[in-house]
Amino acid sequence: MYTIDGNIEITAEVVCDYISRHQYAIAAYDMLDNYYKGRHRILERTKGRENLANNRIVCNHAKHIVDTAAGYLVGNPVTYKGRGGQNIEALTDWLRLADSSTQDMDVAKDAGIYGSALELVYMSNEISPSPKLTEFDPRQGFVVYDETVEHEPVFGVYYYPLYEITSGMIKGYNCRWITKAEQVDIELDAGMSPKLGTEARAENVFGDVPLIEYDNNEEQQGDFEQVIPLIDAYNLLQSDRVNDKEQFVNAILVLKGNTMGDTIEEASEAYKMMKQYGVLELTQDGMAEWLTRTFSEESVEVLRRSLEQDIHKFSGVPCMSDESFAGNASGVAMRYKLLGFEQIVKIKERYFREGLKKRIRLFCNVLSIKGQPAIDPEQVEISFTRNLPVNELENAQIVSMLQGVVPDEILYNLLPFVEDKAAAALLLQKQKEESIRQQQKAFTAAANTAPDEDAEEVTNDEDAEP
């Protein structure tokens, strides 16, 4: 976290000083990005002899870990609800227009890779502008906070290089920093120094720093960062297994008691004939055998499983394709298996929620400027729904048993196919009222039906008898 005295005037020199500090972190970000994209350390391995097998296999656990965690956290869109009957329809409409659900996934993936993610809130260039969202590579921006315990943002910076067309060399940078009051654009030279006469200022309509930082956890570490040595060991083991198989096929033939020729030319011709016809002629005392290195495949497989289990254990992200995650497991059994994973995601959720609160606060600031009904950001409830297979039969049984004990609208939360709980409750109420009306109508019609004439005649005949 970058901090500064909140009372200091933010100038181009101050911003350039923090950009220089930020440059030191880019190498670590590059390494994490390489691992996520499958460019692992095993690809750089070389061997002293060219004829030795040198397979370099990448088993990309890093991408699997990040994608699984991000999908579990925000695979189902985040939902928003106003507390105390507060109407937040204007806010949710803007979030939908900004495609916030897609943005949430991009931010969650970046946080899982780099340990933190950046999001910029900006106004669209439309006749009726509205807030928009874009995810920013943390190698191109950062946020600076004050030195109080609250760590309120003082300013945010994002910048990107400009290249020479012919040489491809960096000729400078375009830079923008944003405080609560204004945004400033400036050009920097290749040495990260401001160019004179390139500064342009504009008002910040959001009333706060619109560059939001989403931390992955307190340490700002990526999901796979602590298991990189285990991933390297797994890649090395799998590569060497293939190398051993390849070298077994290309094993050396050892001849005892025989020579294939008196000269190199004769021996070379004999080797070609032997390979072509698949026949080797030996004397009575001669012997031929392959020179191979023996290894235990069972012990190698035990080591592979051990490494894979440690990768998932220490990252906290389980292997969903493991046979222990059976398709017929009950909801309770599944939750026990995912208990460790859930603890990791709970931490991610807590920090992700803080970023969403800042986003909502910025949106609400713009709503108030446009004269819309005021929305209190603190009264907006943010809900995450885990992206897991649902046992709908089990949930339906629970709903059936709790009817009349728990309000229907709460029970509908157990049914994932019911999207609008309030509308479903109202529809059910109307259905019950219609059923009662139909029953009453049928009962009234039966009560007002005239008696059967034949039955009446029989009754009269019986009354006539003495």
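From largest to smallest, the equivalent ellipsoid semi-axes obtained for the stretch 200-241 from the alpha-carbon gyration tensor read 44, 13, 6 Å.
Between Ala374 and Asp232, what is the FRET efficiency for a Förster distance of 51 Å, r being their Cβ-Cβ separation, to the nearest 0.05? It comes to 0.40. Projected onto their three principal axes, the Cα atoms of the stretch 77-183 cover extents of 60, 39, 31 Å, largest first.
For the pair the stretch 343-371 and the stretch 13-69, the centres of their Cα atoms are 31 angstrom apart. List the lysines whose Cα sits under 23 Å from the Cα of Lys272, skipping any in the same chain fewer than 8 residues away. Partners within reach: Lys256. Short to long, the 5 Å bins of the Cα pair-distance histogram for the stretch 145-216 hold 4, 15, 19, 19, 16, 13, 8, 4, 1, 0 percent of all pairs. The accessible-area ordering, largest first, of the residues Tyr163, Tyr122 stands as Tyr163, Tyr122, per a 1.4 angstrom probe. Going through the stretch 25-96, which GluC sites (Glu not before Pro) have at most 10 other Cβ atoms within 10 Å and a DSSP loop state? Listed in order of number, the matching sites are Glu50. My understanding is that a pair violates if its Cα-Cα distance is over 32 Å; which of Lys348/Lys430; Lys109/Lys180; Lys337/Lys358; Lys37/Lys358; Lys109/Lys245 do that in this structure? With Cα atoms farther than 32 Å apart: Lys348/Lys430; Lys337/Lys358; Lys109/Lys245. Calculate, in nm to one decimal, what Arg437 and Asn174 gain on full extension: separation in residues at 0.36 nm each, minus their alpha carbon distance. This chain segment gains 87.6 nm when fully extended. Of the trypsin sites (Lys or Arg not before Pro) found in the stretch 34-63, the ones in coil according to DSSP and having at most 14 other Cβ atoms within 10 Å of their Cβ are Lys37, Arg45, Lys47, Arg49. What is the sum of charges around Asp208, taking Lys and Arg as +1, Asp and Glu as -1, for the other residues whose C-beta is under 11 Å from the C-beta of Asp208? Residues close to Asp208 contribute a combined charge of +3.
The alpha carbons of the stretch 120-186 give a radius of gyration and a Dmax of 15.3, 49 Å, in that order. Here the average projected area of the convex hull drawn through the C-alpha atoms of the stretch 1-109 stands at 13.3 nm². The slack in the chain from Ile4 to Glu381, taken as 0.36 nm per residue of separation less the alpha-carbon distance, amounts to 132.5 nm. Summarising the overall dimensions of the stretch 1-49 from its C-alpha atoms, the Rg and Dmax are 18.3, 63 angstrom. Under 4 °C and 1.567 mPa s, how fast does the stretch 64-120 diffuse according to Stokes-Einstein, given a Kirkwood radius computed over C-alpha pairs? Answer in µm²/s, whole number. Translational D for this selection: 103 µm²/s.
The values are calculated or read from the model by the stated rules, or taken from the named source; none is laboratory data. No experiment lies behind these values; they were computed from the predicted model shown. Using ideal geometry, Cβ is built from the backbone for each residue, glycine included, and neighbour counts are taken over all protein chains shown. These accessible areas exclude ligands, DNA and RNA; they are computed on the full protein's heavy atoms, side chains included. Shrake-Rupley method; radii C 1.70, N 1.55, O 1.52, S 1.80 Å.
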